[in-house]
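This report concerns only the one structure given below.
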Amino acid sequence: MHEKLLLILGLLLIVMLLVMLAQRIKIAYPIFLVLAGLGISMIPGVPVLKLDPDIIFLIFLPPLLYEAAWYTSWNDFWKWKRPISLLAFGLVFLTSLVVAYASQALIPGFTLALGFLLGGIVSPPDAVAATTVLKGLKVPKRTIAILEGESLINDASSLIVFRFALAAVMTGAFSMHEATGQFFLVAGMGIVVGIAGAHIFYAIHKFLPTTPAIDAALTVMTPYILFLSAEHFHFSGVMAVVSGGLFMSFRAHEMFKTGTTRINMTGVWNTLIFVMNALVFVLIGLELPDIINGLGDTSMMQGIKYGLMISGIVILVRLLWIYPVAHLPRWISEKARRDPNPGWKNPLIIGWAGMRGVVSLATALSIPVMMNSQTDFPMRNLIIFITFVVIFVTLVFQGLTLPLIIKLTKIGEIDPILPSHEQQAGIQMRLDKLAIEKLNKEQEMSSNSLIENLKNALENDIKLHQNHLSSLEMCTNRQNDMREYHEIMLDIFALQRKELFKMKREKLFSDDEIRKAESQLDLNELKITGNKHL
């Protein structure tokens, strides 16, 4: 056990070095993860690792789904609910259906139930893969909002399809009428459990004397508790996690009392999700040799051929579905026509961004090894192998060509949206004005010079933001002044960090106070850079 743990940690370190390389050469790190998984499987003498499929499903999926829900913009999600729903439900069910019948026709021994199982696994695109590939590229905000919203709901819908197909394979019985009714029951009650559980955690965060560490720990526990609670009553744990995550995210500003809590929580979750993404691909790399050996009558080349065919099917179905989703509602609904026309470029990018990732892989690995104590699960290794090929093709092929397509199409912003720096200036002006109103009231009761100094500083900030906004309206050349100002400020922050390090070596100030000063520098830099370095 100790040797296997040391092996996993060593492989994780190698994967992280590859991710650093990916960032260095500006390639999305999920592409390197799937390449790392393939590379690990080719290392001679690497021991095969076998994990309980139920443990894989339970450990990885709840936090991955919860994190996707947490960072989904509720306003954007609601604004684009029509295309998101048509992709997250319509496309998932269509992809599952086409993959089911295609795999039954193309793969010897494949039943329709196994086809739906494979379809449920490979139908949902991965949010992390798409947003990582698109990071830093000029893509319309609508595109990002639809992809993030779709990836949140399609994980839930595809996993419900997977669970029904798994039950059909295990029992040998399936009724579409009963399955449809059951689908709405387990999904609906899963949402009820998720919202109810989220209210309990909301009350704990808001009304009990928690600390930043406790708050962060509770947010890690929440998806597991919501998932297990729903599954205990045979409802959808996936829908419970997604609905609970959306509720908690929407009320986060009420629950978390300090900036320290929010910064701490962001660090915890960024680290957790990154490690989980990396760990899943390490696990598939360790299991892949055993999976290939267990293909039975199917050779590896046949498995690759089947994987390539299924990859082509899921890519084609998505591209064929995306254009009706984008344009048909505009012909039917007058409300839809009020939004700017998406044209052909935006649907093309959304269609090509359907890369599969960690959720599909974790779901495939969660297939039981045995039907019962005496019978192996049919085609398990082939399904996992095909899933890996689909992930490999969509991540590597689509992931590497997507930036080129964006560059060739020269797509611009579709909807009228204020630039980020204008929004930040406007937000900060409102916050500063609110602070000055409060300080004016305090000054009436106190002659505190510190309060007077703070008020003056805030008034200067307001003037700076007003000048910034007016310069954007009057003359675009002034934007160069703002860019130069930002560069100088970033240089100053870098010098200040060096000075803090020098102070630490001189031991004139406590480490605690130096850390506080460094945190403030981080926050000041964040005002300029946004979340580019997170």
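The values are calculated or read from the model by the stated rules, or taken from the named source; none is laboratory data. These figures come from a predicted structure and were not determined experimentally. Glycine gets a Cβ as well: all are built from the backbone with ideal geometry, and neighbour counts include every protein chain shown. Please note that ligands, DNA and RNA were not included when accessible areas were found on the heavy atoms of the full protein model with its side chains. Shrake-Rupley method; radii C 1.70, N 1.55, O 1.52, S 1.80 Å.
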Checklist entry - Given labels modelled 7 Å from the Cα in the Cβ direction, how far is it in nm from Arg515 to Val275? => result 1.8
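Taking only the alpha-carbon atoms of the stretch 64-113, what semi-axes of the equivalent ellipsoid follow from 5 times the gyration tensor eigenvalues under a square root, in whole Å, largest first?
On the way: eigenvalues 214, 36, 6 Å².
Over the Cα atoms of the stretch 64-113, the ellipsoid semi-axes are 33, 13, 5 Å.
Applying 1/(1 + (r/R0)^6) with R0 = 35 Å to the Cβ-Cβ distance of Tyr323 and Thr266, what FRET efficiency is obtained, to the nearest 0.05? Before the final figure, lay out each step's value.
Working: r = 37 Å, r/R0 = 1.06.
Between Tyr323 and Thr266 the formula returns 0.40.
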Checklist entry - So what is log10(I(q)/I(0)) for the stretch 85-229 at q = 0.16, 0.17 1/Å, when the Debye sum runs over its Cα atoms only? => result -1.00, -1.06
Checklist entry - If R0 is 25 Å, what FRET efficiency do you get for Glu452 and Ile528 from their C-beta distance, rounded to 0.05? => result 0.35
Checklist entry - To the nearest 10 degrees, how steeply does helix 29-41 sit against the main Cα axis of the chain, on a 0 to 90 scale? => result 40
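Can you tally the net charge around Val280? Count Lys and Arg as +1, Asp and Glu as -1, for every other residue whose Cβ sits under 12 Å from the Cβ of Val280.
Net of charged neighbours comes to -2.
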Checklist entry - Restricting attention to the alpha-carbon atoms of the stretch 37-99, what are Rg (one decimal) and Dmax (integer), both in Å? => result 18.1, 53
Next on the checklist: Using the Karplus curve 6.51 cos²θ - 1.76 cosθ + 1.60 with θ = phi - 60°, what ³J(HN,Hα) values do you get for each residue of the stretch 323-328, in whole Hz, with x for Gly and Pro?
Outcome noted: 6, x, 4, 6, 10, 4
Checklist entry - Over what distance in Å are the Cα centres of the stretch 1-49 and the stretch 227-244 separated? => result 32
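Using the Cα atoms of the stretch 288-348 to build a convex hull, what is its mean projected area in square nanometres?
On the way: hull surface 25.3 nm².
Answer in nm², one decimal: 6.3.
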Item to check | Pair Gln374, Phe184: separation of 7 Å Cα→Cβ label points (nm) | outcome: 4.1
Checklist entry - Quick one: putting +1 on the C-beta of Lys and Arg, -1 on the C-beta of Asp and Glu, what dipole do you get for the chain around its Cα centre, in Debye to the nearest 20? => result 960
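Counting only other residues whose beta carbon sits under 14 Å from that of Thr387, what net charge do I get with K and R as +1, D and E as -1? Walk me through the numbers on the way to the answer.
Values: positive: Arg356, Arg380; negative: Asp126, Glu287.
Once positives and negatives cancel, what remains is 0.
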Checklist outcome for this item: In debye to the nearest 20, the charge dipole size for the stretch 44-150, taken about the Cα centre with +1 at each Lys and Arg Cβ and -1 at each Asp and Glu Cβ, equals 500
Item to check | Mean-position separation - Cα centroids, the stretch 330-395 and the stretch 51-77, in angstrom | outcome: 15
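Give the whole-number value, in cubic angstrom per residue, of the convex hull volume spanned by the C-alpha atoms of the chain. Working shown, then result.
Numbers: hull volume 108.0 nm³, N = 534.
For the chain, the hull spanned by Cα atoms encloses 202 Å³ per residue.
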Checklist entry - So for His232, His465, what's the accessible-area order with a 1.4 Å probe, most first? => result His232, His465
Checklist outcome for this item: The set of residues whose placed amide H lies less than 5 Å from the amide H of Asp376, leaving out same-chain residues fewer than 5 positions away, is Met371
Checklist entry - If each of Leu400 and Met20 carries a label point 7 Å out from its Cα toward its Cβ, how far apart are those two points in nm? => result 2.4
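Quick check on the stretch 1-111: take the gyration tensor over C-alpha atoms, sort the square-rooted eigenvalues as a ≥ b ≥ c, and tell me if it's rounded (a/c under 1.5), prolate or oblate.
Details: a/c = 1.95, a/b = 1.33, b/c = 1.46.
In terms of gyration-tensor shape, oblate.
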Checklist outcome for this item: Tilt, helix 212-232 to longest principal axis of the chain (alpha-carbon atoms), in degrees rounded to tens, equals 30
Item to check | Gain upon complete extension [Ile214, Phe89; 0.36 nm per residue less C-alpha separation] | outcome: 41.4 nm
Next on the checklist: Per DSSP helix of 4 or more residues, -39500 (n - 2.57); summed, then divided by the residues of the chain. What does that give at 222 nm, rounded to the nearest 500?
Outcome noted: -26000 deg cm²/dmol
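Before I look further, what does the chain give for accessible area per residue, probe 1.4 Å, in whole square angstrom? Mind dumping the intermediate values first?
On the way: 27690 Å² over 534 residues.
It amounts to 52 Å² per residue over the chain.
What is the mean projected area of the alpha carbon convex hull for the stretch 246-332, to one decimal in square nanometres?
Values: hull surface 43.2 nm².
That works out to 10.8 nm², a quarter of the Cα hull's surface.
What do you get when you divide the Cα radius of gyration of the stretch 218-283 by 2.2 N^0.38 Å, with N the number of residues?
Working: Rg = 13.8 Å, N = 66, 2.2 N^0.38 = 10.8 Å.
Taking the Cα Rg and dividing by 2.2 N^0.38 Å, one obtains 1.28.
Assuming R0 = 35 Å, what is the FRET efficiency of Leu58 and Leu97, from their Cβ-Cβ distance, to the nearest 0.05? Please list the in-between numbers first.
On the way: r = 28 Å, r/R0 = 0.80.
After rounding to 0.05, the efficiency reads 0.80.
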Next on the checklist: Would you report the distance distribution of C-alpha pairs in the stretch 292-409 as whole percents per 5 angstrom bin, up to the bin with the largest distance?
Outcome noted: 2, 10, 15, 16, 15, 12, 10, 8, 6, 4, 2, 1, 0
Checklist entry - Karplus couplings for the stretch 57-69 from phi (6.51 cos²θ - 1.76 cosθ + 1.60, θ = phi - 60°), rounded to Hz, Gly and Pro as x? => result 4, 6, 6, 8, 6, x, x, 5, 5, 5, 5, 5, 5
